[in-house]
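What follows is a set of notes on a single structure, which appears directly below.
The values are calculated or read from the model by the stated rules, or taken from the named source; none is laboratory data. Please read all numbers here as calculations on a predicted model, not as lab measurements. Reconstructed Cβ throughout: ideal geometry from the backbone, glycine too, with neighbour counts over all protein chains shown.
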Amino acid sequence: MSSLNKFWTIVSLTIVGVVLFTPAAFAIDEVVAASIEGGSRKYLGFSVGFGLAFAAAFGAMAQGRAASAALEGMARNPNAKLMPSLILSLALIESLVIYSLVMSFLLLGKV
């Protein structure tokens, strides 16, 4: 499969995914609001804390593995320019934890 064909396959799958899952993402507010109206409010704080701890723990493990792999690559080939890709990957890993924190704040605002 040529690289151009792969590119268009990825682009078309991305567009299909966005078209299919966007309504579900915007409808989730009503589902969350309906479930909070019941007796599950007391568990929301626990689940928010657990989700944030889960994201932070696995984000830290991913950052450690990324740094380990980058240092191993630098040790094997000292002339390799791995630092920009390492910093980019660490920023993307950290952004997932920050998104989890933002979602936690949004869910706690519903309590």
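Data table
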| read-out | value |
| --- | --- |
| Test for Lys81: is it at pLDDT below 80 and not in a helix (DSSP H, G or I) | no |
| Unmet requirement for Ile87, which otherwise passes all of (1) surrounded by 15 or more Cβ atoms within 10 Å (Cβ to Cβ); (2) out of contact with any Ser or Thr (no Cβ under 6 Å at 6 or more places or on another chain); (3) at pLDDT 85 or above | (1) |
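Conditions (1) surrounded by 10 or more Cβ atoms within 10 Å (Cβ to Cβ); (2) farther than 23 Å from Ser95 by Cβ; (3) modelled with pLDDT of 80 or more, marked per residue:
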position	(1), (2), (3)
Leu4	no, yes, no
Ser12	yes, yes, yes
Pro23	no, yes, no
Gly39	no, yes, no
Gly51	yes, no, yes
Phe54	yes, no, yes
Leu71	yes, no, yes
Met74	yes, yes, yes
